[in-house]
Amino acid sequence: MTAPSRSPTRSSFSQAPSDEERERLSESFYQHLTRLPLRVTNFRVKYLSKVKVTKNDVIIKIKLQNLRLINASTDEKIEHTYALGCSLALLKLLFSQKGCLRCVENDRFDRIRCAKCYKVGFANTFFNYITMTLNFSRSHTKFLISIAELIHKYSRLRAIQFSLENFETYLDILEHRIRKDSQFWI
């Protein structure tokens, strides 16, 4: 008679990488990004004017962009991710209609990070609205806005093809490295 098989325990699965291993993997991915060939792209994001647009207009645009992203070929994924992130950033701005004097002159990405405006409490309202209407998690929404901000500031990222899954895994470390090597990415 054979012994009953045991189900795998937590210790038999691979453990989460250590900080040192994570740093090594993110450095490897960053080096891979810097060696990727540039491709020609004529993709342009059509910005909606904040004055003319309503929240429902932006939600409709986001839903269409999300469908395009899902159906996009590998070459087009980064452009559609960028467009989706820009629209989410605009929607977040619409939730914070009244900005402080410092924010009025900043671009949409700098303004949504303003600590003074954040204290007003629009962030929870925004994320709850996104979860209810689009079924996006808070972390996924933040990721899309972060990607759009990086691509907006460092246009070379738009011209390379990379894995969004890997980028999401190492976002904090890669963001720091890209800002550090900003001359290369502009």
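The values are calculated or read from the model by the stated rules, or taken from the named source; none is laboratory data. Predicted model, so just to flag it, every value in this text is computed and none were measured. Every residue, glycine among them, receives a Cβ derived from its backbone with ideal geometry; neighbour counts consider all protein chains shown.
Quick notes on this one:
- All conditions in (1) surrounded by 13 or more Cβ atoms within 10 Å (Cβ to Cβ); (2) at pLDDT below 75; (3) in contact with a Lys or Arg (Cβ under 9 Å, 6 or more places away or on another chain); (4) not polar (S, T, N, Q) hold for residue 45, with the sole exception of (3).
- If the condition is being surrounded by fewer than 17 Cβ atoms within 10 Å (Cβ to Cβ) and either in a helix (DSSP H, G or I) or modelled with pLDDT of 80 or more (or both), then region 60-85 contributes 60, 63, 64, 67, 68, 70, 71, 74, 75, 76.
- Given (1) within 13 Å of the chain's Cα centre (by Cα); (2) part of a helix (DSSP H, G or I); (3) surrounded by 15 or more Cβ atoms within 10 Å (Cβ to Cβ), index of the condition residue 177 fails: (1)
- Scope region 129-139; condition surrounded by fewer than 18 Cβ atoms within 10 Å (Cβ to Cβ), part of a helix (DSSP H, G or I) and over 13 Å from the mean Cα position of the chain (by Cα); matching residues: 129, 131, 132, 133, 134
- If you go through region 59-96 and pick out every residue that is without any contact (Cβ under 8 Å) to a residue 12 or more places away in the chain, farther than 23 Å from residue 126 by Cα and among the hydrophobic types (A, V, I, L, M, F, W, C), you end up with 2.
- Number of positions in region 1-37 that are within 22 Å of the chain's Cα centre (by Cα) and modelled with pLDDT under 50: 0
- Any hit, region 140-161, residues being over 14 Å from residue 89 (Cα atoms), of a type in the set (Ser, Thr, Tyr) and without any contact (Cβ under 8 Å) to a residue 12 or more places away in the chain: no
- Flag if residue 57 is surrounded by fewer than 17 Cβ atoms within 10 Å (Cβ to Cβ), acidic (Asp, Glu) and modelled with pLDDT under 75: no
- Search result, residues across region 140-169 that are over 12 Å from the mean Cα position of the chain (by Cα) and among the hydroxyl-bearing types (Ser, Thr, Tyr): 154, 155, 163
- With respect to the stated conditions, residue 165 is at pLDDT below 85 and either of a type outside the set (Phe, Trp, Tyr) or surrounded by 19 or more Cβ atoms within 10 Å (Cβ to Cβ) (or both).
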